[in-house]
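For reference, the structure is listed below as structure tokens.
Just so you know, all these numbers are worked out from the coordinates, no wet-lab data involved. No experiment lies behind these values; they were computed from the predicted model shown. All Cβ positions, even for glycine, are placed from backbone atoms using ideal geometry, and neighbour counts span all protein chains on display.
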Amino acid sequence: MGREAGLDSAREVSWRQMDGLRRILREPVLAAAIGVIVASLFLFVIYPLVRVFQMSVVEDGRFTLHVYRDLLSKAFERRPLYNSLLLGVLVALAGTAVGYLFAFAIARADVPWKRFFRVIATFPIISPPFVLSLAAILMLGRKGFITRMLFQGQWDPHIYGLRGLVLVETIAFFPTAFLIMLGVLQAIDPALEESSLNLGATRWQVFRTVTLPLSVPGLASSLLVLFVESLADFGNPIILSGNFPVLSVQAYLHITGMVDFSGGAALAVILLFPTLTAFLLQKYWVGRKSYVTVTGKPSPARLSVDPMTRRLLLGLCLAMTGVILLLYGTVVFGSFVTLWGANYTLTLTHYVSVFHIGGRYLRDTLILASVATPVTGILGMIIAFLVVRKQFVGKGLMDLTSMLTFAVPGTVVGIGYILAFNEPPLLLTGTAAIIVLLFIFRNVPVGSRAGVAALQQIDKAIEEAATNLGAGSGRTFVTITLPLITPAFFSGLAYSFVRCMTAISAVIFVVSGKWNLITVAILGLVENADLSQAAAFSLVLIAIVLVVLGLIQVGVGRVATSQMGYEPSG
Amino acid sequence: MRHIVSVLAIVVMVAWVSPVLGAQVLHMYSALDTAETQLYIPEFEKDTGIKVEWVRLSSGEVLARLRAEAKNPQVSIWYGGPSQDHISGKKAGTSVPYKPPLDWGLQDNAHDPDWSWVGFYFGAIGFGSNTDFLKKAGVPAPTSWDDLLKPVFKGQIAIAFPYTSGTSYTVLATLVQMMGEDKAFEYWKKLNANIHHYDKSGSAPVTQAGLGEVGIAISFSHDLIAKGNAKGYPIISTFPKEGTGYEIGGISLVKGGPEPELAKKFVDWALSVRAQNLMQQWFRIPLNPKAEVAKGAVKADQVKLINFDAVKAGEDRDRLIKRWRSEIGQ
Amino acid sequence: MGAAVRLAGLRKVFEGRSGSGTVVAVDGVSLEVEDGSLVTLLGPSGCGKTTVLRMIAGFETPTGGEVYIGDERITTVPPNKRRTSMVFQGYGLFPHMQVYDNIGYGLRIRKVPAAEIRDRVFSMLELVGLKGTEARLPSQLSGGQQQRVALARALITEPRVLLFDEPLSNLDAKLRVQMRQEIRRLQQRLRITSVYVTHDQDEAMTLSDQIVVMHQGRVEQVGTAPEIYNRPRTLFVADFIGKGNFLAGTVRAVDGDRAEVEIAEGGVRAPAEGFRAGESVWLLLRPEAIGLGPAGTGRWQGRVAAATYLGSEIFYEVTVGTQNLLVKVGHPHGAIALTQGDPVGVIFDEGSLHLVRREVAA
């Protein structure tokens, strides 16, 4: 019987997929949906990347590697690569450590004010990441607030460069690590730690031999994800990198400053290697090795440490919180200051100019985000539904492609879009469409991840019952599945909206006179060292994001923040 | 209740979508400072009823964009930026000539022989120093290019990348024309040790000096004043005694741009007395002889200028930038 | 008249998860279900019964074989176009819809006019005893009530075949008994052809017109409850249904409808049931067919090894020679309670013996 099964299995595999395909072809709506999605993913995710790659290896119609050779032979072109990798590693380590600290404090040390710490630990997600660079300059620049107060201007913290970037990116990205680690800690079966105690282990031994090893997949995930986020970060380095060039900024400068498209494309491809590798490692290797036992509901916070340690952890959390509040607080203060560095009288002029001059940017950004977000949400849900519930040839590929924009840094995508859509028949540069498309396809993974998680929680029997009673795929999806994944849908919407509003690294390539974004404007202001102005704009942006999130929350009743912040931002 | 709020939210969001239709719109890249552009554009809009949608980019970036967009130009006009950059644009084929009807004579070096670009202001390169820094360091403000190499200024100078910024490229071209190419690069290599970091935008160093992030900014005199002491920062401007370079700020029409007629109107307006008078707010020296000069602005006869060949500078741009990148390593 | 449901050589092979090989879940199942009857697929978990059910419903596509409803071959018809209705193990009620909408769902899909839906839903509610609950959400109902909603939802579309996937396993014991009686009553009243899957023998025995015992993807035996219980054809069936004592033996001789079987404890005469001399057999003796008397009485002598008191009956383990026999003694009030070590006589009627083929390792 075994041999028979073996012969059948190969046939069986392709048979099942063909059968899946046959089933789908019998449902025209479904087949059309898949067709459209595949075509869109190809056109707006794969094709731009292909063009970037093409630009870096084709010269005068011939394949050549000389662009890479040129770049990599020069020390000053190699430096950004080393720098980016170094920065990525440091941020991954620091961010994971901070994230683990908060997660552990909340999930295992039962610190007071847990809700407050949760808010602090996830707040950086909703602000544009480069606001922190702005804050860093305000606080720790040579004429920074801290520098002057504490060090009388005697000590230069050298905030521009590696130091500043590590500080700023750690704070910007540790929320991701926090959410991953919190999820992991909450999913560990209490019985494992309890039985270890029961067998005589000290609390430290329990941590070392049970909790920590079981957290390892989460730690690995966190390290990899943060590494990718750091490499892809553009907003912070363009402000704060000083003499520490990084790949994302260099690729941008090659294209926008030097019209060196092949060089810029090559740098983008070089940037792509580590990020793609880390992403694939995380998705296919670490992500699968989950040691946690799913006990159904995430377990509530437990007290697994002695009082001393608890106080220590609480203290560390408070210290971190202090740093974060100080940074954002500086931005708030800075926005009311007439002329930072010279005249500290408080004024509202910057806010006036936000609406006076920046009104156009705000309007553009809101319109584009409002158009893109619902499309992103729906598309994400449909893809999630197809991936979780249907069988067909190429399903895995669709899943991977839709996730690809998480692994690909915005810089690369931005360059890809201006290369791919600059000539007929797909002439989109300068239009609103290109920005909206960028938003949609950069954020689709958010929606589909939330959808996949939600779908996996629905008892399959419910959808089968609908089918059994006569509903086709479309009807089942609309009348049964969709209502049940609504909370996930709205949380996906919320997070997509936030990402649209805070995006910079890809969209900076496609803004035009007709459609301009507030993040680009803020960046321009910071570059121009109009810090108070930039601070005011940033705060208005954050306020708008909070208002919209609030509206969505009221509209749904609950926004699952546990689903947010899992992926690279910007 | 929940439903009402959701509906309201949707209505509010939909209400945002109210694109401006009907009015004529001119699309522009402006190389002038954002704050400065915001002073002039509303006046133009008021005077002519033409709406302007503009993006602020450093001069070098504008050049790059125009070349990238050559097959599908997004804007009709390039406003601001030194003439040598506009000359590079002419060389790259992104501009189209236009001779504005003037009732006054424009000097030969203030416009392209074929009228591919038109000059509308003058500005000299200078040094802006933060007085607090000077006091603490115990040195006087630099008055020569050699002064900048002094060890006391290590890590205290800010300037932009010559490939993104027209300001910075003017400095490079000036040095090349003053000292000869090889000596100029030798000089810059030494200067590099004193530079804190490079900016994208040419006038950003001024604010950084004003903030005290750096001690000295190298930029155009109008920026030094407008963004420095006029704003309230403790900046004093000085000029190198060996001679300094300067820019004639230019405007050029973009070849294939969507609104050539509106662009022409803008050029006419920019050279009018009214528009030129507006430049007092930024301490730029106007070219229209009937316009007034702001008090405190630095005129051409107040500094030692070298004989700057903007055309050569424009033509050599690509080559010099390439050399700069490989020798300075940024 | 013909069968309402016919399965012909049904096969299902599953491709295992990355690297763990393939699983043959169903290995050649052929079956005929009479119109209006309730047939139970009974077997331990993993025997393939649920897979067979899902192939009838259309949620799994057979690797081989065919499914017929009446004369129509439905093997490749999509699940939403078959006239089969399924009651799921977890009920699969739509949590976001009221009872009324859950039940009426299938009718809405068939575009039945609203007034008619109303009538039919309400009469269905009465039929299953849920009058008055139409406005409630599933989360507001008890397990038993949810069960009935699931049943109502399945019945209202007047399917040709009703399918049950272990519908009672989530209910507590008493409710289970009550529900299965109701299901049976309803099924008989409506005369609807039903295929029922369960691993619970009592359920199978109570509900079914025919029981199909499955094991490792194959059909072991098809028969009525008495047939399955009294005359199991394989060791598996005999062991799976009820409790039994199995004594290894060999047929010495066959005389008419009796067979002489040699076992360790001596020779016995059992109904021949087609066995021939020389064949290896298991002698099946059900615990309730054995009586215990004072030592010295009965066929064999033994000693009580253990006693388990269950209220309405007592199970004794009695050692006879090298064998441990399970003996059920009902109505213990009248009997003397035996304790460990007591000698007893083992009494049984040879007519209640049953022979099952015994596989002998070659």
Under a point-charge model restricted to the Cβ atoms of Lys and Arg (+1) and Asp and Glu (-1), what is the dipole moment magnitude of chain A relative to its Cα centre, in debye to the nearest 20? 640
Which residues in the stretch C:132-152 place their backbone N less than 15 Å from a point set 7 Å from the Cα of C:F122 along the Cα-to-Cβ direction? C:132-135
In debye to the nearest 20, the charge dipole size for the stretch C:243-357, taken about the Cα centre with +1 at each Lys and Arg Cβ and -1 at each Asp and Glu Cβ, equals 120
So what's chain B giving for Cα Rg divided by 2.2 N^0.38 Å, two decimals? 1.06
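Go ahead and run the numbers for FRET between C:E32 and C:T206, Cβ-Cβ distance against an R0 of 22 Å, rounding to 0.05.
With R0 = 22 Å, the Cβ-Cβ based efficiency is 0.50.
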Just grab the label-to-label distance for C:T224 and A:T347, each label 7 Å out from Cα along the Cβ direction, in nm (one decimal). 10.2
Can you give the FRET efficiency to the nearest 0.05 for A:D156 and B:T143, using r as the Cβ-Cβ distance and R₀ = 41 Å? 0.95
Just tell me the longest site-free run in chain A, where the sites are trypsin sites (Lys or Arg not before Pro) in a DSSP loop having at most 10 other beta-carbon atoms within 10 Å. A:1-287
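If you stretched the chain out fully between C:E66 and C:E313, how much longer would it get, using 0.36 nm times the residue separation minus the C-alpha to C-alpha distance?
84.2 nm
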Got a sec? Which residues in the stretch C:281-315 would a label at C:E262 touch, if it sits 7 Å along Cα→Cβ and we count backbone N under 17 Å? C:281-283
Sorting A:Y284, A:Y68 on the 10 Å Cβ count, fewest up front, what's the list? A:Y284, A:Y68
Peptide A:526-534: average number of partner chain Cβ atoms within 10 Å per residue? 5
Once you place label points 7 Å from the Cα toward the Cβ at A:A32 and A:A97, how far apart are they in nm? 5.7
Once the mean of 1/r over all distinct C-alpha pairs in the stretch A:434-474 is inverted, the Kirkwood radius in Å reads 12.4
Put +1 on the Cβ of every Lys and Arg and -1 on every Asp and Glu Cβ in the protein assembly as shown; which of C:G256, B:A31, A:C500 then has its Cα farthest towards the positive end of the dipole? B:A31
Is there a simple number for the mean count of other chain Cβ atoms within 10 Å of the Cβ of residues in B:200-211, and what is it? 5
For chain B, return all DSSP H helices satisfying: extent of Cα atoms along own axis at least 18 Å; mean Kyte-Doolittle hydropathy at least -0.5. B:2-16, B:166-179
Just need the Rg to Rh number for the stretch B:230-279, please, alpha carbons only, Kirkwood Rh. 1.17
Given a Förster distance of 41 Å, report the FRET efficiency between A:V216 and A:Q553 from their Cβ-Cβ distance, rounded to the nearest 0.05. 0.75
Beyond 26 Å between alpha-carbons counts as too far, so tell me which of B:K231/B:K299; B:K189/B:K295; B:K154/B:K299; A:K514/B:K295; C:K131/C:K174; B:K99/B:K304 fall in that bin. B:K189/B:K295; B:K154/B:K299; A:K514/B:K295; B:K99/B:K304
Of B:V62, B:F122, B:L134, which is farthest on the positive side of the dipole of chain B, counting Cα position, with +1 on Lys and Arg Cβ, -1 on Asp and Glu Cβ, and the Cα centre as origin? B:L134
Given charges at Cβ of Lys, Arg, Asp, Glu: the stretch B:226-297 dipole, positive-most of B:A297, B:L271, B:I236: B:I236
Relative contact order in percent for the stretch C:3-236 (Cα pairs under 8 Å, 6+ apart) equals 28
The long-range amide H neighbours of C:V344, using H built 1.01 Å from N in the peptide plane and a cut-off of under 5 Å, are C:G302, C:R303, C:V304
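Per-residue mean of other chain beta-carbon atoms within 10 angstrom of the beta-carbon, peptide C:89-98?
Counting Cβ atoms of other protein chains within 10 Å of each residue's Cβ and averaging gives 5.
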Between A:V332 and C:N324, how many nm apart are label points set 7 Å from Cα along the C-beta direction? 7.5
Using the Kirkwood radius built from alpha carbon pairs, what does the Stokes-Einstein equation give as D for the stretch A:328-393 at 20 °C and 1.002 mPa s, in µm² per second? 136
